[in-house]
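The values are calculated or read from the model by the stated rules, or taken from the named source; none is laboratory data. Just so we're clear, the structure is a prediction, and the values are computed from it rather than from any experiment. Quick reminder, even Gly has a Cβ in these numbers, built from the backbone with ideal geometry, and neighbours come from all protein chains shown.
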């Protein structure tokens with residue numbers, strides 16, 4: 001038969017129990033467990049250190065992300081650069097600056113991505129930039145051509161569309177958009193120029209990038225890496 005034992009605490013025992021209670025409460029103060037607030041961030045950082053296998057499809061996705069990032073940055077810099085140059089120096093000042101792939105910032109980004117970038121066209125300003133572009137790959141400005149040229153190299157292509165009226169001053173119709181004096185400057189620098197007669201919204205050529213597998217894999221890791229978002233405290237005053 002089980003025996004029930006009852007304990008009666010005296011004053012010293014009560015003081016001991018109270019002391020134990022205070023110690024337990026002190027151990028649970030927020031400042032004693034503050035390190036636990038970051039457990040989610042620590043978990044995210046730990047997950048980012050886990051070795052993950054990157055599949056071929058992942059590398060193609062990363063090729064598009066990297067290509068879109070580089071070309072969008074280059075196009076933005078080109079618009080800003082040409083707007084300033086045309087405003088201050090006209091076509092003569094803008095003509096040498098219409099090669100965004102040579103800008104230091106774009107060259108630096110390309111080196112970070114282990115990429116080589118160039119702009120090509122079937123009607124180029126410079127014959128060295130002539131290329132055959134398939135109509136199926138140039139349907140819209142959202143069309144992307146992606147493939148793996150070799151185990152170590154990926155290819156990216158997207159159309160270039162004349163979307164800024166400022167570009168007509170060098171690539172529009174001579175006599176209407178391009179002043180004869182300005183066209184003379186263009187012909188002087190590019191005697192075999194074919195890059196005129198374009199209309200707003202028309203495709204002019206394409207961006208083409210060759211990207212090394214190492215750079216593509218690194219970009220995929222960066223893009224898929226989880227990030228901890230700090231929660232801001234509400235303003236009380």
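Of the residues in segment 112-122, at least one is in a helix (DSSP H, G or I) and more than 30 Å from residue 177 (Cα to Cα).
All of (1) within 20 Å of residue 205 (Cα to Cα); (2) in contact (Cβ under 8 Å) with a residue 24 or more places away in the chain hold for residue 102 with one exception: (2). Under the condition of being under 21 Å from the mean Cα position of the chain (by Cα) and assigned to a strand (DSSP E or B), the residues counted in segment 138-180 number 13. Being within 30 Å of residue 178 (Cα to Cα), in a loop (DSSP other than H, G, I, E, B) and modelled with pLDDT of 55 or more is not true of residue 96. Candidates are the residues of segment 189-207 that are within 29 Å of the chain's Cα centre (by Cα) and not in a loop (DSSP other than H, G, I, E, B); the one that is farthest from residue 129 (Cα to Cα) is 203. Residues considered: 73, 116, 63. Of these, the only one that is over 26 Å from residue 196 (Cβ atoms), surrounded by 14 or more Cβ atoms within 10 Å (Cβ to Cβ), modelled with pLDDT of 95 or more and out of contact with any strand residue (DSSP E or B) (no Cβ under 8 Å at 6 or more places or on another chain) is 73. Evaluate segment 150-167: report whether one residue or more is without any contact (Cβ under 8 Å) to a residue 24 or more places away in the chain, at negative phi and touching a helix residue (DSSP H, G or I) at 6+ places or on another chain (Cβ under 7 Å). No, the conditions are met nowhere in segment 150-167.
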